[in-house]
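Worksheet for the structure shown next.
The values are calculated or read from the model by the stated rules, or taken from the named source; none is laboratory data. Just so you know, these numbers come straight off a predicted model, no measurement behind them. A quick note on method: Cβ atoms are made from the backbone with ideal geometry, for glycine too, and the neighbour counts reach across all protein chains shown.
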């Protein structure tokens, strides 16, 4: 436990949320924290529009064991409090279709993600994208932002 009674996991999460990198993403409108109820944190990530306001997609991160293990990340329906139905997920290009497909676990299909990252030996195949404890929460948020804003949308 930290000196103030918080667990090392909570200290790591709070440090990430208080970081300049996270705050810059918020200020630029890339992402924002919607809800925090440990171990679950819901973030909105913006898909920019060419004109007018962008569309937000919500991601529910489970952060037990963080940062030793990466987040378990689901694309989330905030109103229904469940994974976003597949037809409503971003699918404007192959990268989006692959990242947000329903592969049976409902989690985002990315090497940094706790469930899919362990799939098919991704830690070695995609080592530059895989989770490691030196990364922080802005890493998956930035990856999701980049995916949402790659052509289309």
Identity of the residue in the range 32-51, out of contact with any strand residue (DSSP E or B) (no Cβ under 9 Å at 6 or more places or on another chain) and not in a strand (DSSP E or B), that ends up modelled with the highest pLDDT: 38
Please state which one of 25, 29 is assigned to a loop (DSSP other than H, G, I, E, B) and touching a strand residue (DSSP E or B) at 6+ places or on another chain (Cβ under 7 Å). 29
Members of the range 1-22 that are part of a loop (DSSP other than H, G, I, E, B) and at pLDDT 95 or above: 18, 19
Say we look at the range 68-86 and pick out the residues that are touching a residue at least 12 places away in the same chain (Cβ under 8 Å), in a loop (DSSP other than H, G, I, E, B) and surrounded by fewer than 21 Cβ atoms within 10 Å (Cβ to Cβ); which of these is farthest from the chain's Cα centre (by Cα)? 68
Would you confirm whether any residue within the range 133-153 is under 22 Å from residue 63 (Cβ atoms), buried (at least 19 other Cβ atoms within 10 Å of the Cβ) and modelled with pLDDT under 95? no
Meets criteria (without any contact (Cβ under 8 Å) to a residue 60 or more places away in the chain, under 14 Å from the mean Cα position of the chain (by Cα), in a loop (DSSP other than H, G, I, E, B) and farther than 18 Å from residue 12 by Cβ) for residue 109: yes
Residue ID - surrounded by the fewest Cβ atoms within 10 Å (Cβ to Cβ), chosen from residues in the range 32-46 that are within 11 Å of residue 57 (Cβ to Cβ) and in contact with a helix residue (DSSP H, G or I) (Cβ under 9 Å, 6 or more places away or on another chain): 46
Every residue from the range 52-67 that is in a strand (DSSP E or B), out of contact with any helix residue (DSSP H, G or I) (no Cβ under 9 Å at 6 or more places or on another chain) and surrounded by fewer than 21 Cβ atoms within 10 Å (Cβ to Cβ): 56, 58, 62
Just checking, which of 49, 99 is surrounded by 15 or more Cβ atoms within 10 Å (Cβ to Cβ), touching a residue at least 24 places away in the same chain (Cβ under 8 Å) and either farther than 20 Å from residue 136 by Cα or within 13 Å of the chain's Cα centre (by Cα) (or both)? 99
Could you tell me how many of the residues in the range 135-144 are assigned to a loop (DSSP other than H, G, I, E, B) and either closer than 16 Å to residue 75 by Cα or free of Cβ contacts under 8 Å to residues at least 12 places away in the same chain (or both)? 1
